[in-house]
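One structure is given below, encoded as structure tokens.
The values are calculated or read from the model by the stated rules, or taken from the named source; none is laboratory data. Predicted, not measured: the structure shown is a model, and the values here were computed from it. Please note: Cβ atoms are built from the backbone with ideal geometry, for glycine as well, and neighbour counts cover all protein chains shown. Surface areas here come from the heavy atoms of the whole protein model, side chains and all, with no ligands, DNA or RNA. Shrake-Rupley method; radii C 1.70, N 1.55, O 1.52, S 1.80 Å.
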Amino acid sequence: MIEVVSQSRCVSCNQCVSVCPTNVFDKGEDGIPVIARQDDCQTCFMCELYCPVDALYVSPDSEGVMGVTEEELEQQGLLGGYREKVGWGRGRVPVAKHDYMYQLSVRSGF
Amino acid sequence: MAIQATARGQLSLETDVLVIGGGPAGTWAAISAAAKGAKVILVDKGYCGSSGATAPSGTGVWYIDPEREKREEAKASRYAMGGQLAEHEWMNRVLDRTYENMNKLGNLGYPFPVDPSGKPHKRGLQGPEYMKLMRKLVQKSGVKILDHSPVLELLADDYGVGGAAGVNTQTGDAWSIRAGAVVIATGGCAFLSRALGCNVLTGDGYLFAAEAGADLSGMEFSNAYAICPTFSSVTKTAYYSYASFYYEDGTVVEGAGSKRGRSVIARNLLAGRQVYAKLDQAPEDLKPLLRVAQTNFFLPFDRRGIDPFRDLFPVTLRLEGTVRGTGGIRIVDETCATKVPGLYAAGDAATRELICGGFTGGGSHNSAWAMSSGSFAGEGAAEYVLKLGDSAKSRSLRGLSSQSLTSASADGGASQSRTQEYVQAVQDEVKPYDRNLFRTEQGLSDSIGRLDGLWKAQRENAVSVSAEGVKAREAAAMTATARWMYHSALARKETRGMHKREDFPTIDGGQRHRLISGGLDEVWVSTERVADDAASQERQPVKESVTA
Ligand SMILES: Cc1cc2nc3c(=O)[nH]c(=O)nc-3n(C[C@H](O)[C@H](O)[C@H](O)COP(=O)(O)OP(=O)(O)OC[C@H]3O[C@@H](n4cnc5c(N)ncnc54)[C@H](O)[C@@H]3O)c2cc1C
Ligand code: SF4
Ligand code: SF4
């Protein structure tokens, strides 16, 4: 479930508020969105992909809150990792184009 | 019934074609209707581009070169598995349209990988990339998109469906849209099981269609369960073909597997024995490829510090219901029209039996169906409206909700917890493997008794036009879906496709027909011949069809 909105990174673009399919966020009075309906989070990771500054963290547990903190995530380098792998963000190449896609498809039929 | 709610709509719009749902099926429908010259509005419960089963995931696609031999092979590959319920004409049309649409996507900027000769390789689509592009294409074709705007009910008059009404869950504003034709592309029903991207898929479209008088088809093929780590939402299953399954003590679970061996996993879980997996069958040189090709498969593992190639991790079977099942709204012709004038259905919301019978196997048919049926429905709806002309404007429409809709939230918290109870009660009937995966006459009948009671209770509650009311309607749609599922499952006294009856464990040549169902307070089931083996399409009631 969504667990962290980084106060220091967020640039208040409200992309996450727009793209979350289950409407988990509310716009914040100070401009930083709040996780208003955490229980509705479906752990789809889409908000992370659309956040332009890697300010969000969705923990993998779909049933419960793990209680991670921004500091821990920073240390482990977990913020923004998914967006990087998908190849979204300035100067990156979308993973959709990756040569391995073709190679795997030829070898395994996926 | 819900006239005051629709009259209240702060936002009131008019269009030619209204598309409900902005996944692959809805976006293709919108683009295709616009290309025919129709004015189009698309509404989505979430956000067109990130919502639905495809967006967070990605799909293999049934993209087959038009050479005769390859096509015949592709059609034959799933025909028997699907219980011989697919129809060749439909498979041909969908293969053609999928080929065309995938080529279009390449031309419009989808970043396909290339083969060594530099030719784009079009066997799959990355969800986030695909749906971001689809949103852009929808906007470029002049379609108006309303996000966070779930439909609560359809609007109609005696001539057919003429629009829909709903609420914006972020502003709380009610809206209503008059339209010459409506395409339902709301996806399937995964019963809020938290499968990847599926919690917006609660069978709403089935309920809307039934309230308008349309039929459903193949609702017995609705028990898809996906292998998934117990701690995760990621129900991507392809890679489990490289998995071995173990008990806690490290001994192998005999017969367990990702395809036919799912039952073995289910029986162990039922007996209270946790099953673990490890992708230890993956060849070393394939691992980097696997990591790149399905990035999100590894996400939960990486974030937990698990190496799925080396470490055991506990697995479960998560219900995906009709999302990777095949049942849905019955369509009556090549334009994906339902039997109700002005109402069309596409994607998971419509039955997929026409191309894959009672089983979708490892995907690719679903995505092909979504993009093809979306195009057929969009074009069909546009042509219908353009023929209708201006007469649409003066129609006097009423709301079709079987629950009465009210403008104000009557009792706040009380109705919220009531909705949660209903959701839990439906889940208790559809999630257990010994009810839904392994079906028996006794189990189904018991569930039907309770579900019928649940429907009656929900039917009596007024639903407010608000975010909370949306959840109440979702709960009602889930109950209704479960009833069509189990009534159909009871009527199919054999094992065919994904439908497994413990008390009838083999396929019965005499039951090679589709099961049509419908009805709200009284659920009915009847049979329909598969076109290939009969010229006539007449329907016959099933003798033992159970009613409420
Ligand atoms: C994990 C996973 C992997 C899959 N892999 C494959 C694969 O490899 N190959 C394959 O072919 N298929 C695959 N599938 C199936 C495939 O994703 C679906 O068949 C496909 O997404 C169906 O498209 P759709 O447009 O009909 O529905 P969806 O993509 O589910 O979209 C439905 C849309 O309707 C909206 N909606 C719902 N209710 C309402 C309402 N009341 N009002 C307004 N809008 C509403 C939702 O918000 C959503 O945006 C997979 C599914 C899952 C879950
Ligand atoms: S993970 Fe998905 S459901 Fe959860 S907050 Fe992010 S976008 Fe919303
Ligand atoms: S998308 Fe990221 S930067 Fe934008 S508001 Fe949300 S958290 Fe802040």
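Worth pointing out:
- Selection status of A:Asp40, within 9 Å of another protein chain (Cβ to nearest Cβ) and away from ligand 1 (no atom under 16 Å from the Cβ): no
- Within segment B:1-112, helices (runs of 4 or more DSSP H) holding 1 or more residues that are buried (at least 24 other Cβ atoms within 10 Å of the Cβ): B:3-8, B:24-35, B:88-107
- Count of residues meeting criterion [surrounded by 19 or more Cβ atoms within 10 Å (Cβ to Cβ), in a loop (DSSP other than H, G, I, E, B) and near ligand 3 (Cβ under 6 Å from one of its atoms)] in segment A:1-19: 1
- Taking (1) away from ligand 3 (no atom under 12 Å from the Cβ); (2) among the β-branched types (Val, Ile, Thr); (3) open to solvent by 70 Å² or more (accessible area, probe 1.4 Å) in turn, A:Val95 satisfies each apart from (3).
- Residues within segment A:51-60 that are within 12 Å of chain B (Cβ to nearest Cβ) and surrounded by fewer than 21 Cβ atoms within 10 Å (Cβ to Cβ), tallied: 1
- Single match in A:Arg83, A:Arg107 (criterion: open to solvent by less than 40 Å² (accessible area, probe 1.4 Å) and either part of a helix (DSSP H, G or I) or out of contact with any Asp or Glu (no Cβ under 6 Å at 6 or more places or on another chain) (or both)): A:Arg83
- Residue that is crowded, with 20+ Cβ neighbours inside 10 Å, in contact (Cβ under 8 Å) with a residue 24 or more places away in the chain and over 24 Å from the mean Cα position of the chain (by Cα), where the choices are B:Leu269, B:Leu279: B:Leu279
- Checked against the criteria, B:Leu196 counts as within 11 Å of chain A (Cβ to nearest Cβ) and crowded, with 24+ Cβ neighbours inside 10 Å.
- Against the list (1) in contact (Cβ under 8 Å) with a residue 40 or more places away in the chain; (2) of a type in the set (A, V, I, L, M); (3) surrounded by fewer than 24 Cβ atoms within 10 Å (Cβ to Cβ), the condition B:Ala382 fails is (3).
- Condition check for A:Val34: open to solvent by 60 Å² or more (accessible area, probe 1.4 Å), more than 9 Å from chain B (Cβ to nearest Cβ) and in contact with a Phe, Trp or Tyr (Cβ under 7 Å, 6 or more places away or on another chain): yes
- Among the residues making up segment B:113-128, those that are surrounded by fewer than 20 Cβ atoms within 10 Å (Cβ to Cβ) and at the interface with chain A (Cβ under 9 Å from one of its Cβ atoms) are B:Val114, B:Asp115, B:Pro116, B:His121.
- Residues located in segment A:63-77, provided they are within 12 Å of chain B (Cβ to nearest Cβ) and open to solvent by 30 Å² or more (accessible area, probe 1.4 Å): A:Glu63, A:Met66, A:Val68, A:Glu72, A:Gln76, A:Gly77
- Residue match in segment B:142-165 (condition: free of Cβ contacts under 8 Å to residues at least 40 places away in the same chain and part of a loop (DSSP other than H, G, I, E, B)): yes
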